[in-house]
Amino acid sequence: MRAFLALIAAAWLLFPAGSSAGPSAAAGHRLETVHLPGAAFGGLGRDGDALLVTDLASGRLLRRNAEGGFVAFGPVFPHGLDVIGDPTGPYRVLRHRDGFLVAQGWTPVNSSEGSLDHSLVFLDSAGKTRVISNEFWNPFDLVAAESGFYVVDAARNSVDHVGFDSAKREVVTFRRLAQRANTMQSLSPTEFRAGGEYEVDAVPTGIALRDGRLYVALFGGFPFMPGAGRVVSLPRSGGSPELRIEADGLNAPVAIAFDGAGGMLVLEHGSYDQKEGFQQGSGRLLMLDRKTGERSAVIEGLTRPVSMLIWDEGEIVISDLSGNLHFLHRE
């Protein structure tokens with residue numbers, strides 16, 4: 001453990017974004033990348049002047065201070081690989097009252113189910129954990145509200161509300177997404193006939209709360225077709241609302257945020273190749289104008305980004321599964 005903490009404290013590197021192999025930012029922005037070898041960064045949160053980040057590779061919560069050093073805190077959460085070979089563990093973290101809330105993913109393969117798996121967990125200031133609810137399959141993201149928390153369950157294709165008293169109610173369950181027949185035939189003309197229809201799980205991922213509505217990114221299930229993802233919104237009261245499509249034609253959207261002017265930022269995980277998986281450099285951060293429908297790329301060339309956090313009006317932080325934190329600065 002001591003050696004690990006020493007690594008966390010010392011082994012981060014700072015790279016400018018202009019390198020040929022890295023991501024690039026739109027005009028008027030500057031991008032810097034901090035890399036922690038061996039890490040697989042997940043969720044981002046804020047704790048005063050410190051940045052909170054989850055590391056799926058170690059199952060730890062990390063705090064990055066203003067000087068740039070990383071310190072691990074709390075227990076080692078269950079971590080490993082899921083059924084498709086991606087890391088699972090503490091997906092998200094946010095500061096809450098005198099402690100932290102953690103969305104802990106489903107049980108890793110080749111592991112026995114533990115008490116913290118597929119749970120919403122509270123970590124107090126003394127480092128003790130309390131399971132608020134474990135009635136999830138794969139809680140991927142959450143947002144705080146006055147009455148509790150809205151939690152995305154990516155495996156159940158649902159959004160649930162969990163009250164401060166741990167009472168849980170379903171807000172919405174997303175129906176499967178129909179794919180265009182010609183798109184599926186281009187994937188496999190022998191398996192998907194022309195004129196046929198194919199559906200995939202919605203796979204909700206990122207969530208945001210704005211003006212009384214919940215905004216949810218629908219990643220789109222396997223085979224992760226180009227343009228199959230979308231962002232939808234619904235009243236936070238839930239029930240049986242008519243979903244409103246805010247953006248479609250997206251490549252595996254994984255996170256949503258709003259800037260101070262109300263602009264919607266959407267983080268695309270990237271495009272998928274049936275042989276090689278998610279393609280290197282295919283992830284993007286998009287700015288969407290909800291009035292005109294116009295969209296523009298703020299960052300291009302990201303590889304498997306996971307989460308984003310608007311730090312202030314001039315800075316955005318993005319995490320990825322390769323142990324990178326990308327800091328976007330407005331010039």
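The values are calculated or read from the model by the stated rules, or taken from the named source; none is laboratory data. Just so we're clear, the structure is a prediction, and the values are computed from it rather than from any experiment. Here the Cβ positions follow ideal geometry from the backbone for every residue, glycine too, while neighbour counts run over all protein chains shown.
Things to note:
- Subset of region 231-274 that is surrounded by 15 or more Cβ atoms within 10 Å (Cβ to Cβ) and β-branched (Val, Ile, Thr) - its residue that is nearest to the chain's Cα centre (by Cα): Val254
- Residues that are of a type in the set (A, V, I, L, M, F, W, C) and in a strand (DSSP E or B) are absent from region 235-243 altogether.
- Those strands (runs of 3 or more DSSP E) lying entirely in region 84-173 with at least 1 residues in contact with a strand residue (DSSP E or B) (Cβ under 6 Å, 6 or more places away or on another chain), of a type outside the set (S, T, N, Q) and closer than 25 Å to Pro305 by Cα: 90-96, 99-104, 119-123, 139-145, 148-153, 158-163
- Candidates are the residues of region 94-120 that are among the polar types (S, T, N, Q) and more than 20 Å from Phe164 (Cβ to Cβ); the one that is modelled with the lowest pLDDT is Asn110.
- Checking each residue in region 247-306 for being hydroxyl-bearing (Ser, Thr, Tyr), in contact with an Asp or Glu (Cβ under 9 Å, 6 or more places away or on another chain) and not in a loop (DSSP other than H, G, I, E, B) picks out only Ser296.
- Being β-branched (Val, Ile, Thr), out of contact with any Cys (no Cβ under 8 Å at 6 or more places or on another chain) and at pLDDT 95 or above is a condition met by at least one residue of region 121-128.
- Here region 106-133 is the region considered, the condition is being of a type outside the set (A, V, I, L, M) and in contact (Cβ under 8 Å) with a residue 40 or more places away in the chain, and the residue that is surrounded by the most Cβ atoms within 10 Å (Cβ to Cβ) is Trp106.
- Hey, Leu51 buried (at least 21 other Cβ atoms within 10 Å of the Cβ) and assigned to a strand (DSSP E or B) or not: yes
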